[in-house]
Ligand SMILES: [Zn+2]
């Protein structure tokens, strides 16, 4: 990431770099409103009982505008603390996006990322996401495709990645604050399109969201791996991001991670279904180079996590239809840590003790895979 391309302040850059996170940048001091989100659950023909299956398009999202208005009224009781809605600038040219945001009253932080298959200069993601309401003058980070970032990022990945013997694991906390139902190819060169990132499950009793839970567990796994000397790259460090499943895989690819671990929770129309399962890429030519290693990682993570938690063992699930797998060039596994649709498991998943057990198990599985 060339220094000259960063428009504003190095300390934001430094934080970004320390987290080794390109696609999501946390913004200190920015009040992001939690939007009320409701989910309409869909059902898949192939997996009729399970609502959440990685990044499959099994759920649609609705914005609960009444609760959004309520929340706004509480946070902004008068004009002095008025909040402004962040516009959608993804897909625009950087300069155009900066102008729009400046007119709206925001400051912009540029975060260059390698071009990949994007057009140079195009804004790929924004943080906070569109529709967030934040105070005037707040920072909005724009991750944009920068032609000059390619060589720099690649050399960073090579010099810090497996080529030099360092152990790097990429962790992807599933979903995000708002679904993005725009589509992307399910795999390289495919005309089969899938939503960029769906809404996740919601706790039957606690109403906790899958994206928030996934981030909590992911952070706990990160701590445990780092304590063993493993470098951890997170695809996101806040919930208010807009990162597609393909882009998440590309983060793991760019850092040449030994393993790409995706953390989710499940949902079902049957409230009695409980347990842990782990998905791995299989059954297509995109993932054939990583299938065997992914299956081995999935087996180790599944077994260690079932052992640590005492949860029902729902086994491994090979999947050929998941964009976050098909775009990955490094071994990958996705753990469904339990069913938020089960009142019993929802409450367990909300407890710190159980989250710690899950993280113990997931980390143990990853370390076994890495032979640490
Ligand atoms: Zn999920």
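Based on this model, can you work out whether residue 130 counts as surrounded by fewer than 16 Cβ atoms within 10 Å (Cβ to Cβ), modelled with pLDDT of 70 or more, within 20 Å of the chain's Cα centre (by Cα) and part of a loop (DSSP other than H, G, I, E, B)?
Values: surrounded by fewer than 16 Cβ atoms within 10 Å (Cβ to Cβ): yes; modelled with pLDDT of 70 or more: yes; within 20 Å of the chain's Cα centre (by Cα): yes; part of a loop (DSSP other than H, G, I, E, B): yes.
Judged against the criteria, residue 130 is a match.
Answer with yes or no whether residue 187 is modelled with pLDDT of 95 or more, within 24 Å of residue 142 (Cα to Cα) and either surrounded by fewer than 24 Cβ atoms within 10 Å (Cβ to Cβ) or in the same structural domain as residue 320 (by TED's automatic domain parsing) (or both). Outline the logic, then answer.
On the way: modelled with pLDDT of 95 or more: yes; within 24 Å of residue 142 (Cα to Cα): no; either surrounded by fewer than 24 Cβ atoms within 10 Å (Cβ to Cβ) or in the same structural domain as residue 320 (by TED's automatic domain parsing) (or both): yes.
Taking the combined requirement at face value, the residue does not satisfy it.
Yes or no, residue by residue, for (1) modelled with pLDDT of 95 or more; (2) surrounded by fewer than 24 Cβ atoms within 10 Å (Cβ to Cβ); (3) under 21 Å from the mean Cα position of the chain (by Cα):
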| site | (1), (2), (3) |
| --- | --- |
| 251 | yes, no, yes |
| 264 | yes, no, yes |
| 285 | yes, yes, no |
| 306 | yes, yes, no |
| 333 | yes, no, yes |
| 344 | yes, yes, no |
| 355 | yes, yes, yes |
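Mind checking whether some residue in the stretch 99-115 is in contact with a strand residue (DSSP E or B) (Cβ under 6 Å, 6 or more places away or on another chain), modelled with pLDDT of 70 or more and assigned to a loop (DSSP other than H, G, I, E, B)?
Checking the stretch 99-115: at least one residue is in contact with a strand residue (DSSP E or B) (Cβ under 6 Å, 6 or more places away or on another chain), modelled with pLDDT of 70 or more and assigned to a loop (DSSP other than H, G, I, E, B).
Among the residues of the stretch 215-225, which ones are in contact (Cβ under 8 Å) with a residue 60 or more places away in the chain and within 13 Å of the ligand (Cβ to nearest atom)?
Step one: filter the stretch 215-225 for residues in contact (Cβ under 8 Å) with a residue 60 or more places away in the chain, giving 216-217, 220-221, 223-225.
Once the filter is applied, which keeps residues that are in contact (Cβ under 8 Å) with a residue 60 or more places away in the chain and within 13 Å of the ligand (Cβ to nearest atom), the stretch 215-225 yields only 217.
Looking for whichever is farther than 17 Å from residue 349 by Cβ, within 13 Å of the ligand (Cβ to nearest atom) and crowded, with 23+ Cβ neighbours inside 10 Å here; the options are 197, 169. Which one fits?
Values: 169 fails: within 13 Å of the ligand (Cβ to nearest atom).
Matching residue, one of 197, 169: 197.
Could you list, in sequence order, all residues of the stretch 289-299 that are touching a strand residue (DSSP E or B) at 6+ places or on another chain (Cβ under 9 Å) and either within 18 Å of residue 327 (Cα to Cα) or buried (at least 20 other Cβ atoms within 10 Å of the Cβ) (or both)?
Listed by number, the residues that qualify are 290, 291, 293, 294, 295, 297, 298.
Considering each of 149, 157 in turn, give the residue that is modelled with pLDDT under 80, in contact with a helix residue (DSSP H, G or I) (Cβ under 7 Å, 6 or more places away or on another chain), at negative phi and crowded, with 16+ Cβ neighbours inside 10 Å. Give the derivation first.
On the way: 149 fails: in contact with a helix residue (DSSP H, G or I) (Cβ under 7 Å, 6 or more places away or on another chain).
The unique qualifying residue is 157.
Kindly evaluate residue 247 against the criterion of being buried (at least 24 other Cβ atoms within 10 Å of the Cβ) and under 25 Å from residue 195 (Cα atoms).
Answer is yes for this residue.
The values are calculated or read from the model by the stated rules, or taken from the named source; none is laboratory data. Because the structure is predicted, anything quoted here is derived from the model rather than measured. All Cβ positions, even for glycine, are placed from backbone atoms using ideal geometry, and neighbour counts span all protein chains on display.
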